[in-house]
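These notes are about the structure you will find just below.
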Amino acid sequence: MRLKGTKRIILETVAVILSVVIFWVPFFFVIINSLKSKTDAALLDLSWPSSIQWSNYKEVLTAQDHMVIRSFINSTLITLLSIVVLIIVSAMTGYVLQRRNDRWSGIIQFLVMAGLMIPPAVVPTIWVLDSIHLFKTMTGIVLVEVALGISFAVMLFRSFMATIPREIDEAAVVDGCGSLRMFFQIIFPLLMPVTSTVVVLSSVGIYNDFVNPLYFFPGAKNATIQLTLYNFTSMYNTSWNLLFADIMLISIPPLILFIFFNKRIVAGMTAGAVKG
Amino acid sequence: MAQQTKKTKKTILALTGALLVTSALTACGSKDDDTKTTTTTEPSTTATDGTTSERYAEPVTLKLMIDNQTSTEGIKAVADEIEKRYNIKTEFDLRPGGDEGDNLVKTRLATGEMDDLSFYNSGSLFKALKPEKYFLDVTNEPFMQNVMDSFLPTVSVDGKVYAAPSGASQAGAWLYNKKVYADLGLSVPKTWDELKANNEKIKAAGKTAVIGSYKDSWTSQLIVLADYANVQADAPTFADDFTNNKAKFADTPAALRSFQKLGEMQPYMNKDYLATTYDQAIKMLVDGTGVQYPMLTFALSNIFATYPDQIDNIGVFAQPADNADKTALTVWMPAAISIYKDGKNVEAAKKWLNFFASPEGMAIQATKAKPEGPYVIKGAQLPDDAYAGVKEMMPYFDNGNNAPALEFLSPLKGPNLPQLTVEVGAGMKSAEDNAKAYDKDVEKQAKQLGIQGW
Amino acid sequence: MQKASLTKASKRLYTYKFLLPAGIIYFVLFLLPTIMSFFFSMTRWDLVEWNFIGFDNYKTFFSESSLNIGFRNTLIYAVVTCSLKVILGLLLGVALTSGLRIKGYLRSVVFFPTLLSTIAVGIAFSSMMHPSQGLINKSLALAGIVGPDWLGDTSIALLSVAFVDVWKGVGMATVIFIAGIMSIPEDYYEALQIDGGNAWDRFWHITNPLVAPAMNSVIILSFIGGLRSFDLVWAMTKGGPGFSTDLIASIIYKQYQGGFYGLSTAGNVILFIGVSLLAFPLLKLLSKREVDL
């Protein structure tokens, strides 16, 4: 579509102004207030701080025996471990489901898709975790994140598998590859594009997850970064500067991811969502 | 070295055990009191030796789980003294307050990860933790002899006591700004109508008569909860009948009145009461833009911490009844400190509590945290420099015009009360509707918890 | 050919053993609890012992206003967030595939909030929505408008939260639409241009029908997301004032907090039956529309 000169400039100006008001102002508001003193931040306005207080960040990081740092470590571990397990098990599943086409694969497919829609049953899950002694453990929360992420990941892997010709498998079989070796040496590397999409999307989801840790990983010691932020709202309910500093801190990982993978995320997202 | 002390301790234990058996045999048929004194043998013998022999050679560290809304200054002062005397360090493990905190405590108990010592509400909330499963039975510990009888039922299950008081009692009442009261020529209201008349005058003077801080929804319950002493004056058996499914808020006029009173205050509240937090409310009360705040008197300590020069400007009066001679003060028992049964340092925790819950412990506490009401430890006196507001409460105790809050008399407290009182206080629902809704909420709780008679 | 490829050899190659790791995790931590929830929802339960009480929990759920208010709120919330995301996402999608030179910048800006933590977004917006001190009402006051109490007024509190949900989530919808629009072959537009169609015709006759698969994804994703929503409401209002912003998921959490595990599980069962009853027919309806085109 071609737009004429002046019309286009007007449209673009309007778009920029709107984007600034709707998206930049909230970001700016949080950033600027995270650097103010407690009394300045209480005004909740956009004025420039009378003195910039980087110490707010230090205070947040050291509060409650470095709670924020500890929860950062927890969140990072949970995210990394979940992603590794999720990628391996989902890639294998997506591969077999796409290649086979019999009665069983249909049923399995339905069960997998159900996971996309049906909300998990919370208390029974706690009960199961408790019975296998995994409630409130790192292993437990990792497995829960994997279980609840499998459907989405399998869907992406399965639709991507359709673009890999069967001839490749057959050639590998002729070469005498066993099924497991064949998958990990030949197929898995070919899945790289979709794997990176799953890595990015699922890691954001797991890192930002609030509900599952709230239910399945409670306790002050093993708080995740989202739980810590939530608890700070009652603790710092008059210290907006500290609360906003915490928000800034926990937004750093998604920000980095965004800067490096912006194009990749958008491309991967769309590929999966539309075809799926 | 440590090995050796452990060994000697074991022998002492064995000896006392033998002593106990013999004394129990000889004192056959004597009353509980006797067994109580005999059980004290071990700690009291060491106590006579003074601090040295009771002192651990190696430092012992106890963890105390406490919510982050309680000011810990006073407890810290006692903990420091305990460290000096017994070489027992106390590590404060802060947890969130409110529902969040309750949930955390419950899961920590359920998963066997409770700290050595736990600070928690006494009364129905405490009993809902199933203390008999998780906490040490301290019925026969020597320090319990210091504790006033009025406190015991709030931490007992089946006649066994599971906690000691953490400090002084407090009241649910109305805090008011004395300076503004004097400026406007107001006097403390003795009846509900007088309170409303005061409100009108305050409102006419351009100030907020009643501070609402419903952003922290728990604060909205105060008018209903602090009315209980008045309810009991009218309906003395309400607590029992309520527990036994025989009386309801909606059809007991005195109890329904509590909800109605709440509904009547809406015109006198500050503009942003739905977005105002507890801390902001305190600020309003102190600077006089808000004049009266229905609140627990622990707020006095928060005021003293933040605005020390203003503390004597804040007074306390009981929520008035409709009739002046029924007006009584509703009392909250101090929080409970209990010992986790499966903790690693039960003996040290006992020592800790033994000193903490003594008149001496309370006096040390008072140096850093002034009481928010009378103590429930026998022999512990209010310090001379107690808050003016607390001194103003004393007549209600001296005359016996007080009663514990309902949550200390009944295990039932519907979890939705804060939301229901927000609705009544903000005029979204009528007092009658939500008194009924609260009765249903209580019924739901009673059924879910499997309480008899429901 | 297809039949022939499913020989014994290929069965061995594509062995179902590959499904075991995923299958075990998925079964134990998702399917099993889901199946068990039907039983536990009919009990009084403290995680250790249970007491079978039939449909009492369901009766309580449907009869008590503090519980069933969640049905209405959840439906409103899902419909509002879903339709706004579809409409705004489509408009943004069209705008951001047009000739604007700054579309790269705009795509990034619109998409970025999707990556942020819901809790963080909720906290920031609830501070901006403070009735007298908040940024929004202070700005409105400059224009002489007295802004409402966004989160305190029960008639709009739910919509205020829904608005924040849309702010955070519209980027995802936009990106899906962009992909959908970009997959439409350029030939269609060229053909229309020869016939003399204007911009509206382009949108109405080509973009709108051909973007249907993308739209279906957006509708399904955001509708189900809306029905299951919890964290944003919890961070902003905790379901209040009163019960005015309680969603089924927040009610489930409150029952869990109260220790009413059976009741909480009943809420869970109601939620997933509700989601299935609404989502599966919707899915059918939408895919039918796709086929008809």
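Here is a check on your reading of the model: is B:Gly159 surrounded by fewer than 17 Cβ atoms within 10 Å (Cβ to Cβ), modelled with pLDDT under 90 and within 14 Å of chain A (Cβ to nearest Cβ)?
For B:Gly159, the condition - surrounded by fewer than 17 Cβ atoms within 10 Å (Cβ to Cβ), modelled with pLDDT under 90 and within 14 Å of chain A (Cβ to nearest Cβ) - is not met.
How many of the residues making up the stretch B:409-438 are modelled with pLDDT of 90 or more and not in a loop (DSSP other than H, G, I, E, B)?
The number of residues fulfilling the criteria is 17.
Need the failing condition index for A:Ile17 against (1) surrounded by fewer than 19 Cβ atoms within 10 Å (Cβ to Cβ); (2) under 30 Å from A:Val199 (Cα atoms); (3) at pLDDT 90 or above, just the number.
In the conditions (1) surrounded by fewer than 19 Cβ atoms within 10 Å (Cβ to Cβ); (2) under 30 Å from A:Val199 (Cα atoms); (3) at pLDDT 90 or above, A:Ile17 misses (2) alone.
Looking at (1) of a type outside the set (Val, Ile, Thr); (2) more than 10 Å from chain A (Cβ to nearest Cβ); (3) buried (at least 17 other Cβ atoms within 10 Å of the Cβ); (4) in contact with a strand residue (DSSP E or B) (Cβ under 9 Å, 6 or more places away or on another chain), can you tell me which one C:Phe52 breaks?
(3)
Could you list, in sequence order, the residues of the stretch B:170-200 that are of a type in the set (A, V, I, L, M) and surrounded by 19 or more Cβ atoms within 10 Å (Cβ to Cβ)?
B:Ala171, B:Ala173, B:Leu175, B:Val180, B:Leu186, B:Leu195
Which one of A:Leu227, A:Leu249 is under 22 Å from B:Thr70 (Cα atoms), over 13 Å from the mean Cα position of the chain (by Cα) and more than 8 Å from chain C (Cβ to nearest Cβ)?
A:Leu227
If I filter the stretch A:119-133 for residues that are touching a Gly at 6+ places or on another chain (Cβ under 8 Å), more than 27 Å from A:Gly205 (Cα to Cα) and within 9 Å of chain C (Cβ to nearest Cβ), do I get at least one hit?
No, the stretch A:119-133 contains no residue that is touching a Gly at 6+ places or on another chain (Cβ under 8 Å), more than 27 Å from A:Gly205 (Cα to Cα) and within 9 Å of chain C (Cβ to nearest Cβ).
Can you pull out the helices (runs of 4 or more DSSP H) entirely within the stretch C:122-229 that have at least 3 residues that are surrounded by 16 or more Cβ atoms within 10 Å (Cβ to Cβ), within 14 Å of chain A (Cβ to nearest Cβ) and of a type in the set (Phe, Trp, Tyr)?
The helices (runs of 4 or more DSSP H) meeting that bar are C:157-182.
Would you confirm whether or not the stretch C:254-261 contains a residue that is within 11 Å of chain B (Cβ to nearest Cβ), closer than 30 Å to B:Thr277 by Cβ and touching a strand residue (DSSP E or B) at 6+ places or on another chain (Cβ under 9 Å)?
There is at least one residue in the stretch C:254-261 that is within 11 Å of chain B (Cβ to nearest Cβ), closer than 30 Å to B:Thr277 by Cβ and touching a strand residue (DSSP E or B) at 6+ places or on another chain (Cβ under 9 Å).
Name the residues in the stretch C:9-49 that are at the interface with another protein chain (Cβ under 7 Å from one of its Cβ atoms) and among the β-branched types (Val, Ile, Thr), would you?
Within the stretch C:9-49, C:Thr15, C:Ile25, C:Val28, C:Thr34 qualify.
Exactly one of (1) buried (at least 16 other Cβ atoms within 10 Å of the Cβ); (2) out of contact with any Ser or Thr (no Cβ under 9 Å at 6 or more places or on another chain); (3) under 22 Å from C:Gln133 (Cα atoms) is unmet by A:Phe28. Its number?
(1)
Go through the stretch A:21-47 residue by residue and tally those that are within 9 Å of another protein chain (Cβ to nearest Cβ), under 23 Å from A:Ile252 (Cβ atoms) and in a helix (DSSP H, G or I).
Number of matching residues: 9.
Tell me, please, whether a residue that is under 20 Å from A:Val84 (Cα atoms), surrounded by fewer than 23 Cβ atoms within 10 Å (Cβ to Cβ) and out of contact with any Pro (no Cβ under 6 Å at 6 or more places or on another chain) can be found in the stretch A:161-174.
Yes: the stretch A:161-174 contains one or more residues that are under 20 Å from A:Val84 (Cα atoms), surrounded by fewer than 23 Cβ atoms within 10 Å (Cβ to Cβ) and out of contact with any Pro (no Cβ under 6 Å at 6 or more places or on another chain).
Would you confirm, using the coordinates I've provided, whether B:Gln419 is more than 14 Å from every other protein chain (Cβ to nearest Cβ) and either more than 21 Å from B:Thr330 (Cα to Cα) or not basic (Lys, Arg) (or both)?
no
Any idea which residue in the stretch A:216-241 is surrounded by the most Cβ atoms within 10 Å (Cβ to Cβ), counting only those that are out of contact with any Ser or Thr (no Cβ under 8 Å at 6 or more places or on another chain) and farther than 23 Å from A:Phe135 by Cβ?
Among those residues, the one meeting the criterion is A:Phe232.
Residues in the stretch A:103-118 that are within 15 Å of C:Phe272 (Cα to Cα) and either assigned to a helix (DSSP H, G or I) or more than 8 Å from chain C (Cβ to nearest Cβ) (or both): how many?
Count: 6.
Among the helices (runs of 4 or more DSSP H) lying completely within the stretch B:94-144, list those that include at least 1 residues that are touching a Pro at 6+ places or on another chain (Cβ under 9 Å), surrounded by fewer than 22 Cβ atoms within 10 Å (Cβ to Cβ) and among the aromatic types (Phe, Trp, Tyr).
none
Which of the strands (runs of 3 or more DSSP E) contained wholly in the stretch B:312-361 include at least 1 residues that are buried (at least 24 other Cβ atoms within 10 Å of the Cβ) and of a type in the set (Gly, Ala, Ser)?
Here the list reads B:336-339.
I need the full set of residues from the stretch B:387-402 which are of a type in the set (A, V, I, L, M, F, W, C) and surrounded by fewer than 21 Cβ atoms within 10 Å (Cβ to Cβ), in order please.
B:Ala388, B:Met394, B:Phe397
Please work out which residue is surrounded by the most Cβ atoms within 10 Å (Cβ to Cβ), limiting yourself to the stretch B:283-310 and to residues that are in contact with a Gly (Cβ under 8 Å, 6 or more places away or on another chain) and part of a helix (DSSP H, G or I).
So, considering only residues that are in contact with a Gly (Cβ under 8 Å, 6 or more places away or on another chain) and part of a helix (DSSP H, G or I), the one surrounded by the most Cβ atoms within 10 Å (Cβ to Cβ) is B:Leu300.
From (1) within 19 Å of the chain's Cα centre (by Cα); (2) surrounded by 21 or more Cβ atoms within 10 Å (Cβ to Cβ); (3) at pLDDT below 85; (4) more than 8 Å from chain C (Cβ to nearest Cβ), pick out the condition that doesn't hold for A:Arg264.
Checking A:Arg264 against (1) within 19 Å of the chain's Cα centre (by Cα); (2) surrounded by 21 or more Cβ atoms within 10 Å (Cβ to Cβ); (3) at pLDDT below 85; (4) more than 8 Å from chain C (Cβ to nearest Cβ), the one that fails is (2).
Residue check: is B:Leu296 over 21 Å from the mean Cα position of the chain (by Cα) and of a type outside the set (Asp, Glu)?
Answer is no for this residue.
Quick check on this structure: which one of C:Val275, C:Val269, C:Val233 is of a type in the set (A, V, I, L, M), closer than 26 Å to C:Ser127 by Cβ, assigned to a helix (DSSP H, G or I) and away from chain B (no Cβ under 12 Å)?
C:Val233
What tally of residues in the stretch A:51-102 results from selecting those that are within 30 Å of A:Thr39 (Cα to Cα) and assigned to a helix (DSSP H, G or I)?
18
Identify the single condition in (1) in contact with a helix residue (DSSP H, G or I) (Cβ under 7 Å, 6 or more places away or on another chain); (2) modelled with pLDDT of 90 or more that B:Lys391 does not satisfy, given that it satisfies every other one.
(1)
Would you tally the residues in the stretch C:179-231 being among the small types (Gly, Ala, Ser), in contact with an Asp or Glu (Cβ under 9 Å, 6 or more places away or on another chain) and over 30 Å from A:Phe210 (Cα atoms)?
Adding up the residues that qualify gives 1.
The values are calculated or read from the model by the stated rules, or taken from the named source; none is laboratory data. All values derive from a computational prediction rather than experimental measurement. Here the Cβ is made from the backbone with ideal geometry for all residues, glycine too, and neighbour counts use every protein chain on show.
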